Amino acid sequence: MNGFAYVRPGSLQEAVEAYATHPGAHYLAGGTNLVDLMKLGVERPTALIDVGRLPLDRVEELPDGSLRAGATVRNSDLAADPRVRDRYPVLSQALLAGASGQLRNAATTGGNLLQRTRCPYFQDLGKPCNKREPGTGCAARDGVHRDHAVLGHSDSCIATHPSDMAVALAALDAQIELYGPDGSRRVPVADFYRLPGEHPERDTWIRPGELITGVLLPAATAGVPSAYRKARDRASYAFALASVAVVLRVADGVVDQVGVAFGGLAHRPWRARHTELALLGAPAGPDAFEGAVALELAHAEPLRDNAYKVPLARNLALDVLNRLAPTPAVA
């Protein structure tokens, strides 16, 4: 591991100023991903700006009925919060589907959202990787890519985004709160992440020096039936081969509100806009669900070894949609 400076700021402003004075710095909170990448030599920060002790560790109720989770709230605490479990079950389920209990006790809200891909070629300094070193190529395209993207990938990168939490937040229309040299701003989770294009080294639209300060869970999706389902190679401690987060409200047999996002299929949590548009105002039932999901997955471009992800994602989505839809009353 390379040498680096260590700074523990006392405020957000101090953190941003420390970042500016250390070119090549990284913010540090739980460190469950960053420290591993430093050990591998993938990340080589000149300084670590430790924001883990800033007062960002609370889940707060806001006057409009929304919830705000601070950036350093631990994943285990957020999943167990009674308000999250009651109003946003899809988020609690997604958090509990990620990593191990020990890691959830250390990982933070902000760090979870900024974790980097688990593509083995990205983590192997001996292999070409455009995400790690732009312009070197993508070894995964002709290599082992069973776990890689089927939606939104490019010639430059076929990696997938690893976060379960981000998929649930995208379906919930959550927003990410950011603070940086230009002050505060909010970005919808679904718009925070980039597709690879020709610049896969840029995972998000975060600006230089910015850090995540919290996540806003909107009142509009509070209490709406929701669920998360994930398929993986083993029952626990594994990243998604495919996953789906669904928010679904049905009124008088018709879909009144819907949010659908897939995980494990793309470079970012994949908001299924074609599915949502087809379902909104449609009768809630198996036929409508199947047609709407098919519209989204028709855009998939599987590679040599990962075409199985398309029917897998389809079956996950249909299972969750059908479970969330109310059973029609028997006359």
Counting only residues that are in contact (Cβ under 8 Å) with a residue 24 or more places away in the chain and part of a helix (DSSP H, G or I), which one in segment 4-34 is surrounded by the fewest Cβ atoms within 10 Å (Cβ to Cβ)? ALA20
If PHE289 meets every condition in (1) assigned to a helix (DSSP H, G or I); (2) more than 30 Å from ASP155 (Cα to Cα); (3) open to solvent by 50 Å² or more (accessible area, probe 1.4 Å) apart from one, which number is that one? (3)
What about ALA266, is it in contact with a Leu (Cβ under 6 Å, 6 or more places away or on another chain), buried (at least 17 other Cβ atoms within 10 Å of the Cβ) and without any contact (Cβ under 8 Å) to a residue 24 or more places away in the chain? no
Within 20 Å of ALA245 (Cβ to Cβ) and among the small types (Gly, Ala, Ser) - does that describe any residue in segment 120-128? no
Within segment 93-102, is even one residue within 16 Å of LEU34 (Cα to Cα) and open to solvent by less than 60 Å² (accessible area, probe 1.4 Å)? yes
May I ask you to say which residue of LEU91, LEU125, LEU103, LEU113 is touching a Leu at 6+ places or on another chain (Cβ under 9 Å) and either part of a loop (DSSP other than H, G, I, E, B) or at pLDDT below 95 (or both)? LEU125
Failed condition for THR136, given (1) in a helix (DSSP H, G or I); (2) open to solvent by 30 Å² or more (accessible area, probe 1.4 Å); (3) polar (S, T, N, Q); (4) at pLDDT 95 or above: (1)
Residues that are closer than 30 Å to GLU17 by Cα, out of contact with any Gly (no Cβ under 7 Å at 6 or more places or on another chain) and of a type in the set (Val, Ile, Thr): list the strands (runs of 3 or more DSSP E) wholly contained in segment 174-286 that include at least 1 such residues. 175-180, 183-188, 211-217
Yes/no for GLU276 being out of contact with any Phe, Trp or Tyr (no Cβ under 8 Å at 6 or more places or on another chain), open to solvent by 80 Å² or more (accessible area, probe 1.4 Å) and acidic (Asp, Glu): no
Can you work out which of the residues in segment 139-162 that are assigned to a loop (DSSP other than H, G, I, E, B) and without any contact (Cβ under 8 Å) to a residue 24 or more places away in the chain is surrounded by the most Cβ atoms within 10 Å (Cβ to Cβ)? GLY143
I'm checking my understanding of the structure. Among residues of segment 239-263 that are more than 17 Å from the chain's Cα centre (by Cα) and open to solvent by less than 30 Å² (accessible area, probe 1.4 Å), which one is nearest to ALA171 (Cα to Cα)? VAL258
If I go through segment 112-133 residue by residue, how many of them are among the aliphatic types (A, V, I, L, M) and open to solvent by 50 Å² or more (accessible area, probe 1.4 Å)? 2
Can you tell me which condition LEU303 does not meet? The list is (1) aliphatic (A, V, I, L, M); (2) assigned to a loop (DSSP other than H, G, I, E, B); (3) closer than 27 Å to LEU96 by Cβ; (4) open to solvent by less than 70 Å² (accessible area, probe 1.4 Å), and all the others hold. (3)
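Residue-wise test of (1) open to solvent by 50 Å² or more (accessible area, probe 1.4 Å); (2) within 28 Å of GLY137 (Cα to Cα); (3) touching a strand residue (DSSP E or B) at 6+ places or on another chain (Cβ under 8 Å); (4) touching a residue at least 60 places away in the same chain (Cβ under 8 Å).
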{"residue": "ASP173", "(1), (2), (3), (4)": "yes, no, yes, yes"}
{"residue": "GLY183", "(1), (2), (3), (4)": "no, no, no, no"}
{"residue": "PHE192", "(1), (2), (3), (4)": "no, yes, yes, yes"}
{"residue": "GLU198", "(1), (2), (3), (4)": "yes, yes, yes, no"}
{"residue": "ARG202", "(1), (2), (3), (4)": "yes, yes, no, no"}
{"residue": "ILE212", "(1), (2), (3), (4)": "no, no, yes, yes"}
{"residue": "SER226", "(1), (2), (3), (4)": "no, no, yes, yes"}
{"residue": "ARG229", "(1), (2), (3), (4)": "yes, no, yes, yes"}
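The values are calculated or read from the model by the stated rules, or taken from the named source; none is laboratory data. Because the structure is a prediction, the values reported are computed rather than measured. Using ideal geometry, Cβ is built from the backbone for each residue, glycine included, and neighbour counts are taken over all protein chains shown. SASA here: full protein model, heavy atoms, side chains in, ligands and nucleic acids out. Shrake-Rupley method; radii C 1.70, N 1.55, O 1.52, S 1.80 Å.
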